[in-house]
Amino acid sequence: MSESVCDPQPTSESDLLPGDSPEATSPESSSESSALDSLDPQRLPHPDATQPFKILWQYTIVLAVVHLIALYAFVPWFFTWSGLVLAILGHFVFGMMGITIGYHRLLTHRGFTCPKWLEHSLAILGICNLQDSPARWVAIHRMHHQHSDHQPDPHSPLVSFLWSHMGWVIFRHRDLDRTSHYEKYVRDLLRDPFYLKLERRQGWFFVFVGHAILITAAGGAVGYLVSGGLMGEALRYAASWAVWAVAVRTVFVLHGTWTVNSLSHVFGYRNYETREHSTNNWLVALIAHGEGWHNNHHAEPRAAAHGHRWWEFDMSWRVIQIMEKLGLAKDVVRPKSMRIDPSK
Ligand SMILES: [Zn+2]
Ligand SMILES: [Zn+2]
């Protein structure tokens, strides 16, 4: 079974999106042993475009606030079972549908196509994770694929583990601080007025705030109803849903995405001798809905399935398959191993 996956079809240049790199695929290896030793360099300076360092205070403060609110999960008064269930559900609905399927496999890599109303809906779900506008997220990720683990990579762990996890988020990057600076990576997206509008005056951020207010208000209404009209319970449910269904879920999804950049470029095994340090990491695959099979992904970036071996379970791919069966996803790009054996 293992030998069936390790011969990725090099992506033709005409299939490439901005940020895809044709050299990223190398067909020959099936070794699970790390090939990191053969890669160079082993250490990188911070990207030039981050010099001189300047903290992005608006990102830093918003991220600090959402982390602080999430800490209230340790205070029993804020706990409700409904809040916990919504946090888990939200991990799938916002995290998986919005980020891994929407932002990543659809908008960044065009691993499948779908009706515009669905694409926009997935983008809105993605925004509700506080991971930036669709265009900026996609630009950063295409930049990562183009320069993976080389100096311009915005978040390589070869700089430092902490930098790759969240350090890069809070420091200014000159090529990423204005839409006009990263436009070259996302021209396809910005042709759509929907994405352009979300860029203007940080419009996307107000979508996030709006969804947080809606969830909090819904919690208050539910608390009022289940308690037979007690205002104290309405307040407790509202606070509980704000903490669990918004803050805890957002923080969990944030760190899930960040572990793809950090852990999945440091720890794990490699199916493919790609030209960066990407690895397949089961823990990341578990918490980020299949995104942890990151070495497979770097080998065939456009493929909508990231799990290439039978044990590499990829929840996002299962959902894309269901969408395809329902006629909601078309032109689904499969990795070469699945094109050889379509039963996978
Ligand atoms: Zn990567
Ligand atoms: Zn990618």
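The values are calculated or read from the model by the stated rules, or taken from the named source; none is laboratory data. Fair warning: this is a prediction, and the values are worked out from it, not measured in the lab. Virtual Cβ from ideal backbone geometry, glycine too; neighbours counted across all protein chains shown.
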Among the numbered conditions (1) free of Cβ contacts under 8 Å to residues at least 60 places away in the same chain; (2) away from ligand 2 (no atom under 11 Å from the Cβ); (3) under 12 Å from the mean Cα position of the chain (by Cα), tell me where Trp117 comes up short. (3)
Can you tell which of Arg105, Arg142 is among the basic types (Lys, Arg), within 11 Å of the chain's Cα centre (by Cα) and within 22 Å of Ala285 (Cα to Cα)? Arg105
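Pick from the range 282-323 the residues that are in a loop (DSSP other than H, G, I, E, B) and more than 15 Å from ligand 2 (Cβ to nearest atom): which of them is surrounded by the fewest Cβ atoms within 10 Å (Cβ to Cβ)? Steps first, answer last, please.
In the first step, residues of the range 282-323 are kept if they are in a loop (DSSP other than H, G, I, E, B); the result is 288-292, 300-314.
Narrowing the set further to residues that are more than 15 Å from ligand 2 (Cβ to nearest atom) leaves 309-313.
On the way: Arg309: 18, Trp310: 11, Trp311: 8, Glu312: 19, Phe313: 15.
Here the answer is Trp311.
This table checks each residue for (1) farther than 20 Å from Leu214 by Cα; (2) touching a Phe, Trp or Tyr at 6+ places or on another chain (Cβ under 7 Å); (3) within 16 Å of ligand 1 (Cβ to nearest atom).
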site: Ala73; (1), (2), (3): no, yes, no
site: His91; (1), (2), (3): no, yes, no
site: Gly95; (1), (2), (3): no, no, no
site: Arg110; (1), (2), (3): yes, no, no
site: Thr113; (1), (2), (3): yes, no, no
Could you say whether any residue in the range 76-87 is surrounded by 15 or more Cβ atoms within 10 Å (Cβ to Cβ) and under 17 Å from Leu254 (Cα atoms)? yes
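Kindly indicate which of Ala285, Ala304 is within 16 Å of ligand 1 (Cβ to nearest atom), aliphatic (A, V, I, L, M), within 15 Å of the chain's Cα centre (by Cα) and at pLDDT 95 or above. Walk me through how you get there before you give the answer.
Values: Ala304 fails: within 16 Å of ligand 1 (Cβ to nearest atom).
Answer to the check: Ala285.
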Please identify the pairs in which a residue from the range 289-315 that is free of Cβ contacts under 8 Å to residues at least 60 places away in the same chain and within 16 Å of Thr274 (Cβ to Cβ) has its Cβ atom under 7 Å from the Cβ atom of a residue that is hydroxyl-bearing (Ser, Thr, Tyr) and part of a loop (DSSP other than H, G, I, E, B), counting only partners at least 6 apart or on another chain. His294/Ser278; His294/Thr279; Asn295/Tyr272; Asn295/Thr274; Asn295/Ser278; Asn295/Thr279
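Please verify whether Leu122 is away from ligand 2 (no atom under 16 Å from the Cβ) and in a helix (DSSP H, G or I), treating the condition exactly as stated.
Values: away from ligand 2 (no atom under 16 Å from the Cβ): no; in a helix (DSSP H, G or I): yes.
It is false that Leu122 is away from ligand 2 (no atom under 16 Å from the Cβ) and in a helix (DSSP H, G or I).
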Pairs, please: C-beta under 6 Å, at least 6 apart or cross-chain, first residue of a type in the set (S, T, N, Q) and in the range 143-168, second surrounded by fewer than 21 Cβ atoms within 10 Å (Cβ to Cβ)? Gln146/Ser21; Gln151/Leu44; Ser156/Leu44
Does Arg201 qualify as being within 16 Å of ligand 2 (Cβ to nearest atom) and basic (Lys, Arg)? no
Being at pLDDT 95 or above and in contact with a His (Cβ under 9 Å, 6 or more places away or on another chain) is true for just one of Pro157, Pro115. Which residue is that? Pro157
Checked pairs for the range 255-266, first farther than 14 Å from His298 by Cβ and modelled with pLDDT of 95 or more, second small (Gly, Ala, Ser) and more than 11 Å from ligand 2 (Cβ to nearest atom), C-beta under 7 Å and 6 or more apart or across chains, list as Gly256/Gly95; Gly256/Ala288; Thr257/Ala288; Thr259/Ala288; Ser262/Ser164
